[in-house]
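A.B. asks: If you scroll down you'll find the structure; I have some questions about it.
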Amino acid sequence: MATQYPAPGTSKSIQRGRATATVAISAVNPAKSKLTVNGAASSSNNPENASLFLTNATTITYSKGSLGGTPELSWELEEFF
Amino acid sequence: MPNYAQLDAGRVVSVTQTSGVIDAPHMILLDAYDETLLGKAYVDGEFVDAESALPRWITQYAFRTRVTSELIATMELAAMHNPADAAPVQLAKAVQRAEMARCFAAQYIDLDLAELRAGFAAVDPADFARIFDAPVLDSERP
């Protein structure tokens, strides 16, 4: 019987969170992952200038940018086969 | 899926639902995903409001702002040396001046310090509450 493999492009895992700093995550393949930032909690804390980046397999880096403030950012990371 | 509160310097900086286990001392495993923990302090295994977990210290500038220049002037006038006073009164005023000098020379003020609070016991109760019991703002902290 042939081994069944997931079709490329199907979802392998989803992680999510809300952060005000760089985040530790379970290991993913960055080349097959998509990070979505869903927005900030506060409009008074320069949320438009804050951002998140998947910097390596286990880290989402938080950057509050040059305007200061530390808004809460919601994010979701989906990894694909 | 496991849920974690991620700590930095004792505060929750991230609430995260991961796809696998993360074994690290700064990752506190949660029973459920709870975003309300963000910003709280983690003390003795409990999540508490960060405000209540921090010492109530404020800068000298913030303390003088709370006390107000008018009240400081009133206290200084009340403590001025008067050679006509009886010796015990002169001594009490001298102690009061010394205490004020010590207080206003400090780099920061501990609002919960009993002897400091006692030194301000004679001020109006509303002023006392405004000076010592109002929540400490981040901008007032050293």
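The values are calculated or read from the model by the stated rules, or taken from the named source; none is laboratory data. Source: prediction; values computed, not measured. SASA here: full protein model, heavy atoms, side chains in, ligands and nucleic acids out. Shrake-Rupley method; radii C 1.70, N 1.55, O 1.52, S 1.80 Å.
A.B. asks: What number, rounded to the nearest 500 deg cm²/dmol, is the helix-based mean residue ellipticity at 222 nm of the protein assembly as shown, given -39500 (n - 2.57) per DSSP H run of at least four residues and division by all its residues?
C.D. replies: Using -39500 (n - 2.57) per qualifying helix, the result is -6500 deg cm²/dmol.
A.B. asks: On to the next question. I'd like the accessible area for residue B:137, computed on protein heavy atoms only with a 1.4 Å probe and all protein chains in place. Round to 10 Å², please.
C.D. replies: 100
A.B. asks: I would also like to ask the following. Could you tell me the extents of the stretch B:32-117's C-alpha atoms along the three principal axes, largest first, rounded to whole Å?
C.D. replies: Principal extents (Cα only, largest first): 72, 24, 16 Å.
A.B. asks: Excluding residues fewer than 8 places away in the same chain, name every one of the lysines whose C-alpha is closer than 25 Å to that of residue A:12.
C.D. replies: A:32, A:34
A.B. asks: Where the centroid of each part is defined by its Cα atoms, how far is the stretch B:1-19 from the stretch A:18-37 in Å?
C.D. replies: 13
A.B. asks: Straight-line reach from residue A:64: which aspartates and glutamates fall under 14 Å, measuring Cα to Cα and dropping same-chain residues less than 8 apart?
C.D. replies: Here the aspartates and glutamates satisfying the reach criterion relative to residue A:64 are A:48, A:72.
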